[in-house]
1. Within a 10 angstrom radius of the beta carbon, how do SER32, SER41, SER93, SER122 rank from fewest other beta carbons to most?
2. Could you tell me whether the stretch 78-128 comes out rounded, prolate or oblate from its Cα gyration tensor? Rule is a ≥ b ≥ c as square roots of the eigenvalues, rounded for a/c under 1.5, then prolate if a/b exceeds b/c, otherwise oblate.
3. At 20 angstrom or more along the helix axis (alpha-carbon based) and mean Kyte-Doolittle of 0.5 or higher, what helices does the chain contain? Whole DSSP H runs only.
4. Identify which of PRO107, PRO85, PRO119 has the largest mean-square fluctuation in a Gaussian network model of the chain, with springs joining Cα atoms closer than 10 Å.
5. Using a Gaussian network model of the chain whose springs link C-alpha atoms within less than 10 Å, name the residue from GLU143, GLU61, GLU38 with the highest mean-square fluctuation.
6. For volume of the Cα convex hull per residue in Å³, several values are listed as (i) 159; (ii) 147; (iii) 111; flag the one computed from this structure.
7. Report the residue, chosen from LEU66, LEU39, LEU168, that carries the largest GNM mean-square fluctuation when the chain is represented by alpha-carbon nodes joined by springs under 10 Å.
8. Which far-off residues, 5 or more places away or on another chain, put their amide H under 5 Å from the one on ILE113, with H placed in the peptide plane?
Amino acid sequence: MAFKVYTKTGDKGSTALFGGARVPKNHIRIESYGTVDELNSYIGLIRDYIEDEALRDVLKEIQDRLFTLGAILATDPSKDNLKTPDLHDKDVSYLELKIDGMEEQLPALKHFILPGGHPAVSFCHIARCVCRRAERMTVALNENEPVLPVVIQYLNRLSDYLFVLSRLVGLLLKAEEVCWIPRK
């Protein structure tokens with residue numbers, strides 16, 4: 001049986017969490033996983049611009065983990081008996097491994113980098129900013145309702161990954177990397 005796209009249950013400004021509880025659509029939990037969903041869409045856009053199959057595979061893995069992360073955030077925290085997909089410390093380590101591998105191919109970073117140079121590079125920077133917003137929202141959520149620490153760690157490391165990816169994509173596309181040199 002296929003899912004219906006519309007349920008009409010949210011027409012009055014609330015939505016259901018996994019587990020049944022209803023919350024307003026502007027609840028910080030909804031903002032958190034909605035921002036993760038936005039991030040996932042931008043990562044899909046980045047995948048559309050990248051031809052390197054290994055990078056595309058990593059981005060697909062990240063998209064899978066973001067669905068997991070979204071499911072965790074969409075779950076009613078009072079229902080500890082619900083089974084959600086797992087996010088592990090090894091998922092954070094995976095990002096660190098990929099960051100280290102990309103950095104080996106890049107010149108040392110000596111200045112802040114201005115976003116731009118190629119649409120693929122710019123989309124990496126947009127995704128990085130959305131990732132940071134998702135992290136901020138999730139940290140705010142954690143102040144009121146507990147969030148697994150690995151969720152915040154993953155988002156933090158993913159924003160680092162996206163920054164380094166922007167540099168590598170720029171290098172592969174031979175796009176100019178413009179350093180920010182403060183005016184004196």
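Quick note: the coordinates plus some simple rules give every number you see, no bench work behind them. This is a predicted model, so every value here is computed, not measured. Here the Cβ positions follow ideal geometry from the backbone for every residue, glycine too, while neighbour counts run over all protein chains shown.
1. Numbers: SER32 28, SER41 14, SER93 11, SER122 18.
With the sparsest Cβ surroundings first, the list reads SER93, SER41, SER122, SER32.
2. On the way: a/c = 3.60, a/b = 1.96, b/c = 1.83.
Prolate shape, in that a/c is at least 1.5 and a/b is the bigger ratio.
3. Numbers: long enough: 28-49 (32 Å, -0.17); 53-73 (30 Å, 0.34); 89-103 (21 Å, -0.64); 119-144 (38 Å, 0.08); 149-172 (34 Å, 1.04).
Those that pass (Cα extent of 20 Å or more, hydropathy at least 0.5) are 149-172.
4. Fluctuation is largest for PRO107.
5. GLU143
6. Only one listed value fits the structure, namely (i).
7. Top of the fluctuation ranking is LEU168.
8. Under 5 Å from the amide H of ILE113: TRP180.
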